[in-house]
């Protein structure tokens, strides 16, 4: 049931969670042609947005130079994909690399190194007329060519359901021109913008969390962010009374992250304080091994891999204990090891991990073993 990937013990059941979204969408879509001058003006004014804290600009200088060379030559340019949001802004779904290449070149600074953006000097790639040239070194006619070149945009707007932009997740998941399948949290990061999404990035650099996750570097596929989201979403009375016996983790996390309630100032303050206090208590009480399991063949040897279901059981039980006024520092690594050896706990963290009975079961056992609750 378990697959290994880097420093994370991944549960097959959760990885293969390909839920079918039963929402029926009423979507309007249309085409429009924009000049680069218009798009850059919209971007500067905040009317055109990249998904908040989206994947960074990844094109290299030769690739970016080649695109600008194509624009100057008057070659066809692939369409971009935009979504009209509920506040009448445009969100870049596909085409961010192309737009930011033009943006950087016209402003004169390359995002990759914050130096003057000159086109590459590669004979077989770039036309001789503008090799190694910055935008200001082009002729007026060439500069005007870039500014006035139009790019076709496919725009869509979700009319229903009216509560948010849930169709965006489906579109990001199904449309991918980058050549790399996006992970669920990468898509959420693009779709569910707001204070809560920003908070996940803030909490992700918490030093105790980095130690307990097992890596000082943030995960490029945002799995560490998803675990923080997982903690918040499962640490609720809602999950303890969830009407269904089995949860689609992907769908459940989507709904939790997209909830407007979770983006209020009061909610953000609560989440921030709760996570900081809980992760600090876990780290001080159990040390670096807090979210590691023991070897299945040797229950006395620690397996140094981050274990998601151990993480949520220990974090949530600790948060509950703190709320009930328990001095959590009186627990110990010995108690944690006894918990890991419990036959029922081992079942709850490895089988049917998103069954509500097993979620509540592992949390209850953690409360009992660690804090006598």
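Rule-based calculations on the coordinates, nothing more; no lab input. Worth saying up front: this structure is predicted, and the values here are computed from it rather than measured. Reconstructed Cβ throughout: ideal geometry from the backbone, glycine too, with neighbour counts over all protein chains shown.
Residues checked against (1) crowded, with 18+ Cβ neighbours inside 10 Å; (2) closer than 15 Å to residue 195 by Cα; (3) touching a helix residue (DSSP H, G or I) at 6+ places or on another chain (Cβ under 6 Å):
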| residue | (1), (2), (3) |
| --- | --- |
| 216 | no, no, yes |
| 226 | yes, no, yes |
| 246 | no, no, no |
| 258 | yes, yes, no |
| 263 | yes, yes, yes |
| 266 | no, yes, no |
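Which residues, taken from segment 82-100, are assigned to a strand (DSSP E or B) and either out of contact with any strand residue (DSSP E or B) (no Cβ under 9 Å at 6 or more places or on another chain) or farther than 18 Å from residue 186 by Cβ (or both)?
82, 84, 90
Regarding residue 307, is this residue buried (at least 16 other Cβ atoms within 10 Å of the Cβ) and out of contact with any helix residue (DSSP H, G or I) (no Cβ under 9 Å at 6 or more places or on another chain)?
Yes.
Hey, can you tell me all the residues within segment 280-300 that are in contact with a helix residue (DSSP H, G or I) (Cβ under 7 Å, 6 or more places away or on another chain), assigned to a loop (DSSP other than H, G, I, E, B) and free of Cβ contacts under 8 Å to residues at least 60 places away in the same chain?
299
Report yes if residue 117 is farther than 15 Å from residue 44 by Cα, surrounded by 15 or more Cβ atoms within 10 Å (Cβ to Cβ) and in contact with a helix residue (DSSP H, G or I) (Cβ under 7 Å, 6 or more places away or on another chain), otherwise no. First the steps, then the outcome.
Values: farther than 15 Å from residue 44 by Cα: yes; surrounded by 15 or more Cβ atoms within 10 Å (Cβ to Cβ): yes; in contact with a helix residue (DSSP H, G or I) (Cβ under 7 Å, 6 or more places away or on another chain): yes.
Yes: the conditions hold for residue 117.
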